[in-house]
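Here the structure comes first, spelled out in structure tokens, and everything after it is commentary.
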Amino acid sequence: MLILILLCGFLVVDSYKILVFSPTISRSHMISNGRIADELAKAGHHVVLLEPDFLNISHTVQSSKVAHRMTVSGFSSILHDVIQGEYVQKHSNARRIRVLKSSFQDFLSREDLIEKLRAEKFDAYFGEQINLCGHGLAYILGIKSHFWVSSCPISDYMAWLLGMPQPSSYIPSLIGMDITHRPSYWERAQNIWSTFLYVQFALEATEMFRKRYGANFPNLEAIAADSDMVFVNTDEFVDFPRPTLPHVVHIGGLGEGSSSKRSKGVVYFSLGTLVNTSSLPAFAMRAVVDAVKKTPDYHFILVTDSRDHFTRHLSEALPNVFLCSWAPQAALLSHPRLQAFITHGGYNSIMEASRYAVPLVTIPFYFDQVSLRNSRAAELNGWGIPVNRFSLPSKWQLLKSNFCRYKQAAVRISTLIRTKPFKSSEKLIKYTEFVLMNGGVKELLAEGRRLPFLQYHNLDIFIPLGVAFIFACWIFFRLLCTIFFIAFPPVKQKLQ
């Protein structure tokens, strides 16, 4: 009996209360955060998955099967309207971020909920990079250990806050224009500009907290930069190689299955959970159907919404098309007959395709997909083709005619992911428990996160040196002019 009591005591000591903050900005983000929550809960920790339902979609997604799910509803539909109208009317990233900030302001006004969360006395906070408001929430709840999660490749702004090197000369910006891994001069200039997209929002978000909790509330950027550990929900083999930091850990592929062998047959088309195909311009879906018509020897599974009568009409005479409003994506990608995946380029979809060795044709729509960055990462290693909404038929023919080459590259990426040391779930659990057991690991945080921009890039040295060099050149030039004038005086002066 004594041994049993001691064992129970050890279990209590090793179990932590963890808050995973997951605003419902998209179903894919909900699923990604839910996988993190479930893995932590399976390891014996008490995990609360907090979902402020900004888009009113929580009832459509089973984001968690193990963790305790807490949904907060009753928010304005403005964020939903902005995202759903994205294709028809382009909104700036700044507008999307400010609408998200407004929704979070509504969340903070629910003081009873905040007090309830504070009473839980959580040991750790997990939150995405989408905005910094979650770090402010963790601060007012008194949570000491912060884990910053990037649901996609690390953004320029996030890298800047962490003091992580972000060479814009060869690492494309996460959100911005279409830039390859070898950008031109103009593209590099655009890359640098996009780095500062979120700075103004961070200032506004900090001001929002200070108005509610006092002028001494710390800067949200500083809170986020001091996170003990950064988990990046990507895989190193499905991104551009880049310099990193010791407390940044990749956990891509969390909760996904293993791959299996395939043979010829089926192409899967899905634009993700945010795109309603019925709201797309006619030319967009006509391009998809045109690609199908030119490939009668393949079967196509097209995921369209139930109101998309236009696509249904276009494809009704095609015997090689199956339309559905939902499909089990992971099961399809792992099926032996699936040969290619036409996707919007969301990182979850790209990660699943890489695990199952499925070549990609990507049509970007939102956020990090807009810059084609995810697609370019697949293209870099030879297993994906990025396209715009007009060139799908021609690009599909390119993939079809070079299928063996793209397939071999996809198989190699899949093999690298499956055979590399340490599983994603193992890294997530071990690093989380390591941080909590030791009360944080501030020793791993880079000093660069606190340096001013000029000092971080040594501009305070290079600029004075440059000015001094230019001044020295000017003095030297004037001296030469003086010597030349003395040695060779003007003709008029000689005559005098």
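Quick check on my link table: of LYS121/LYS423; LYS407/LYS427; LYS293/LYS407, which ones sit more than 27 Å apart, alpha carbon to alpha carbon? Kindly include the intermediate steps, with their values, before the conclusion.
Working: LYS121/LYS423 30 Å; LYS407/LYS427 29 Å; LYS293/LYS407 22 Å.
Long pairs (Cα-Cα over 27 Å): LYS121/LYS423; LYS407/LYS427.
At a Förster distance of 35 Å, what's the computed FRET efficiency of TYR170 paired with ARG286, Cβ-Cβ distance as r, to 0.05? It would help to have the intermediate numbers written out before the result.
Details: r = 37 Å, r/R0 = 1.06.
Efficiency at R0 = 35 Å is approximately 0.40.
Using a Förster distance of 35 angstrom, determine the FRET efficiency expected from the C-beta separation of LEU203 and ILE470, and round it to 0.05. Present the calculation step by step, with values, prior to reporting the outcome.
Values: r = 35 Å, r/R0 = 0.99.
The formula returns an efficiency of 0.50 here.
In nm, to one decimal, how far is the PHE488 label point from the ALA189 one, both placed 7 Å along Cα→Cβ?
3.8
For a label point 7 Å from the Cα of ARG418 along Cα→C-beta, name the residues of region 327-344 whose backbone N is under 13 Å from it.
Zone members listed by number: 334-336.
Using a 10 Å cut-off around each Cβ, can you sort VAL72, VAL230, VAL435 from fewest to most neighbouring Cβ atoms?
On the way: VAL72 17, VAL230 26, VAL435 21.
Going from sparsest to densest Cβ surroundings: VAL72, VAL435, VAL230.
Which order do TRP160, TRP186, TRP148 fall in if you start with the one that has the fewest other Cβ atoms within 10 Å? Can you show the working numbers first?
Values: TRP160 21, TRP186 10, TRP148 28.
Going from sparsest to densest Cβ surroundings: TRP186, TRP160, TRP148.
Net charge within 13 Å of GLN397 by Cβ-Cβ distance, Lys/Arg positive one each and Asp/Glu negative one each, not counting GLN397 itself?
Values: positive: LYS293, LYS294, LYS395, LYS400; negative: ASP290, ASP297.
Spelling it out: positives minus negatives among the neighbours equals +2.
Once you put a point 7 Å from the Cα of SER102 and another 7 Å from the Cα of LYS65, both along the Cβ direction, what distance in nm separates them?
Taking the simple label geometry, SER102 and LYS65 are separated by 3.9 nm.
Less than 13 Å from a label point 7 Å out along the Cα-to-Cβ axis of GLN455: which backbone N atoms in region 205-233 qualify, by residue?
No residue passes the distance filter.
Highest first, please rank the peptides 467-478, 28-39, 242-253, 377-388 by the mean number of other Cβ atoms sitting within 10 Å of their residues.
Working: 467-478: 10.0, 28-39: 23.6, 242-253: 18.7, 377-388: 21.2.
Taking the mean over residues of other Cβ atoms within 10 Å, the ranking is 28-39, 377-388, 242-253, 467-478.
When the chain is fully extended, how far beyond the present Cα-Cα distance does HIS313 get from PHE240, taking 0.36 nm per residue of separation?
Numbers: separation 73, 0.36 × 73 = 26.28 nm, distance 4.07 nm.
Length difference between fully extended and current span is 22.2 nm.
Test of understanding: ordering ILE130, ILE461 by Cβ neighbours within 10 Å, fewest first, what list do you get? Working shown, then result.
On the way: ILE130 22, ILE461 11.
In order of increasing Cβ crowding within 10 Å: ILE461, ILE130.
So how far apart, in nm, are the two label points at LYS144 and CYS481 if each is 7 Å from Cα heading toward Cβ?
About 6.7 nm separates the two model spin labels.
If you average 1/r over every pair of different alpha-carbon atoms in region 266-413 and take one over that average, what Kirkwood value in Å do you get? Could you put the intermediate results ahead of the total?
Values: mean 1/r = 0.0664 Å⁻¹.
It works out to 15.1 Å.
No lab work stands behind these numbers, since they all come straight from the coordinates. Just so you know, these numbers come straight off a predicted model, no measurement behind them. We place every Cβ from the backbone using ideal geometry, glycine too, and count neighbours over all the protein chains shown.
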